[in-house]
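The values are calculated or read from the model by the stated rules, or taken from the named source; none is laboratory data. If you're wondering where the values come from, they're calculated on a predicted model, not measured in any experiment. Cβ sites come from the backbone with ideal geometry, for glycine too, and all protein chains shown count toward neighbours. Only protein heavy atoms, including side chains, enter the accessible area calculation; ligands, DNA and RNA are left aside. Shrake-Rupley method; radii C 1.70, N 1.55, O 1.52, S 1.80 Å.
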Protein chains: 2
Amino acid sequence: MIRICEVGPRDGLQNEKTPIETKQKIEFIHKLAKAGLKTIEATSFVRPGAIPQLSDAKEVYEGLSDLTGSGEFPVLIPNTRGLENALECGVRSIAVFTATSNSFTLKNTNATREESMERIRAIVSALRSLGMQNEVRIRGYISTVVDCPYEGPQDPAMAAEMASQLLDLGCFEISLGETIGTAVPADIRRLLDSVLASIPAERLAGHYHDTRGTALANVFASLDYGIRSFDSSAGGMGGCPYAPGAAGNLATEDLVYSLERSGMTTGVDLELLAEATSYIEQAVGRPSTSRVYQALKAKRK
Amino acid sequence: MIRICEVGPRDGLQNEKTPIETKQKIEFIHKLAKAGLKTIEATSFVRPGAIPQLSDAKEVYEGLSDLTGSGEFPVLIPNTRGLENALECGVRSIAVFTATSNSFTLKNTNATREESMERIRAIVSALRSLGMQNEVRIRGYISTVVDCPYEGPQDPAMAAEMASQLLDLGCFEISLGETIGTAVPADIRRLLDSVLASIPAERLAGHYHDTRGTALANVFASLDYGIRSFDSSAGGMGGCPYAPGAAGNLATEDLVYSLERSGMTTGVDLELLAEATSYIEQAVGRPSTSRVYQALKAKRK
């Protein structure tokens, strides 16, 4: 069984300029859950105004109350204020984020790499003060693990060191973000050779962007290393707003198709997934970049 | 060094409904050659009217006379009549084609699989009668090596058997066509386990369609097996007109990027290649599906 963390509702929508209605986001997440996705990153509790598309985080999360018993709906938490707001809504699964590149965290979060780790430590401390450290699952994102759009190649040892720190802080899993989609399998092997020296494969996830069409090849390289958890976005929506030229998360359709065809189980129904993508594609007003979604659509015609 | 057979001018253009002018095709091929591509499938000597887009085969080939000393410009040959016409134009590199699937050859060429092999034998015999068997290079295509759109899964043993026959007939290389783009690395490994039992890797090429985004992963799987020759199409244009839902050859840009980034040499300049794609994209009036081409364009903006 492969674990898929669907990031479409958060990472996919956050850069879309067309405002998506709250009820559409809620409907989208319901359709994704119906397709069999068990982990769906729902939204981000950022400062109101920071990402206009996600300013309805509270309302979106509250619209999932009928689903939360049957899946995990993590939300992105940038700081302790975000944590407080999320906990108030009943959030019990959060994602924290940093990057190997100092330039990237500065541009992305207005914090040095060390300050971004400090924010994560503050979030964990706050949870402990509230006595909730065992009730809230924390997932850690590390971005720019291979290349940074500003700094270029990153030392795999930095990803390994940060992943260890995040696990020590209590993260149950570290998602390794290949943020700008430049990596090929050789890069992923170099990264994993370093990270797996200190961290078991079961604690890692691959988050690979498909900007240059290499994401699936990187998934297969990771499978060879024992990685069984991957992030993707329905229809391939989203990417990273702070990485010039970056476009497109790995599409969940492409990931699911490839894994199932390879004899692995994802629990996801491709036809139902395509319905979720079709729904949000219309709301966003931009066609999906997923090859499998396009092939499914062509077949139906 | 990886050998790339660029199939854009033939496979890429043959299904385009917008008529492309002969001089545009010639210019396109010149731009591809300038980008460093050494093998460019130029056109197909089919019966006039069979593929309207390629009815100017003679004129296109004659427009390449300044290039033929510095590269190989194979043309597709369906039968002895096509061979005669091609030889008259000075063609010295041809490609012949068949498929593992009987239903596919019937729909595609109005011949059974055995009849399609018979046509190839007739082409080779005609070359021998003319005493030109040592002057003309013959490449063999086998389509539907993994799945057929009409028959479904194909037995790898059939591809192996047909590849052996084609080599015995004098083909210098067999291109294994994953025609409908359903394959994942496990399929390619199963195929190569069978074919490589009787044929050395140096005599094989991978021709993988990117319909479901898996072509690059299949290239990497093939590299592990020692395959060093791949077919692709500038901008990802083309596919197969007889395969429902099929869209998109592997883009040469995506292939070149991935190989070069992996430390291999292709001899292709990506920027110049993108110029060729940009040129033909405008002529065709349909945007390229190549991820790398799109990323290069986004970067320039």
Keeping all protein chains in place and using 1.4 angstrom, which order do B:Arg10, B:Arg128, A:Arg189 fall into by accessible surface area, from largest down? B:Arg128, A:Arg189, B:Arg10
Label geometry 7 Å along the beta-carbon vector: A:Arg286 inter-copy distances in nm: 2.3
Could you work out the helix-only [θ] at 222 nm for chain A, with each DSSP H run of four or more residues adding -39,500 (n - 2.57) and the total divided by the number of residues, to the nearest 500 deg cm²/dmol? -12500 deg cm²/dmol
Nonlocal amide H pairs with B:Glu72, under 5 Å, H built at 1.01 Å: B:Thr39, B:Ile40
So if I restrict to the alpha-carbon atoms in the protein assembly as shown, what is the Rg, and what is Dmax, the biggest pairwise distance, in Å? 25.8, 90
Heavy-atom accessible area, 1.4 Å probe, ligands and nucleic acids excluded: residues of the stretch B:183-219 down by at least 10 Å² from chain alone: B:Val184, B:Pro185, B:Ala186, B:Asp187, B:Asp210, B:Thr211, B:Arg212, B:Gly213, B:Thr214, B:Leu216, B:Ala217
Only bridges with both residues in the protein assembly as shown count here: give the DSSP antiparallel percent, nearest 5. 10
With a 1.4 Å probe and every protein chain left in place, tell me how much accessible area B:Asp193 has, in Å² to the nearest 10. 90
Nearest beta-carbon to the B/A symmetry axis - residue in chain B, distance in Å: B:Ala217, 2
How much accessible area does B:Met162 have with a 1.4 Å probe, in Å² rounded to the nearest 10? 10
Compute a Gaussian network model of chain B, connecting alpha carbons closer than 10 Å, and tell me which residue from B:Glu135, B:Glu202, B:Glu260 fluctuates the most. B:Glu135
Expressed in whole Å with the largest first, what are the equivalent ellipsoid semi-axes of the stretch B:1-134 derived from the C-alpha gyration tensor as the square root of 5 times each eigenvalue? 24, 18, 15
Quick check on chain A: of the DSSP beta bridges with both residues there, what percent are antiparallel, nearest 5%? 10
Residue span B:Asp168 to B:Ala50: 0.36 nm per residue of separation minus Cα-Cα distance leaves a gain in nm of 39.5 nm
I need the inter-copy label distances for A:Glu115: point set 7 Å along Cα to C-beta, values in nm with one decimal, smallest first. 7.5
Find every distance from the label point of B:Pro153 to the corresponding label point in the other copies (7 Å from Cα along Cα→Cβ) and write them in nm, one decimal, shortest first. 4.2
Number of partner chain Cβ atoms within 10 Å, mean per residue of A:173-182: 1
Residues of the protein assembly as shown: accessible area per residue at 1.4 Å, in Å²? 38
Would you look at the GNM of chain B, springs on alpha carbons closer than 10 Å, and say which of B:Cys89, B:Cys148, B:Cys171 moves the most? B:Cys89
Under 5 Å, built H, 5+ apart or other chain: amide partners of B:Arg137: B:Ser93, B:Ile94
Between B:Ser290, B:Ser44, B:Ser194, where does the largest GNM mean-square fluctuation fall for chain B, given springs only between Cα atoms within less than 10 Å? B:Ser194
³J(HN,Hα) across the stretch A:22-32 via Karplus (A = 6.51, B = -1.76, C = 1.60, θ = phi - 60°), whole Hz, x for Gly/Pro? 4, 5, 5, 4, 5, 5, 4, 5, 4, 5, 5
For the stretch A:3-300, I need the span (max minus min coordinate) of the C-alpha atoms along each principal axis, in Å, sorted largest to smallest. 50, 43, 33
Accessible surface of the stretch A:94-251, 1.4 Å probe, proportion on carbon and sulfur as whole %: 48
Taking N as the number of residues in the stretch B:183-301, what is its alpha-carbon radius of gyration divided by 2.2 N^0.38 Å? 1.10
Interface area, A with B, accessible, probe 1.4 Å, both sides summed, Å² nearest 100: 2200
Could you tell me the accessible area of A:Ile2 in Å² (1.4 Å probe, neighbours in place), rounded to the nearest ten? 10
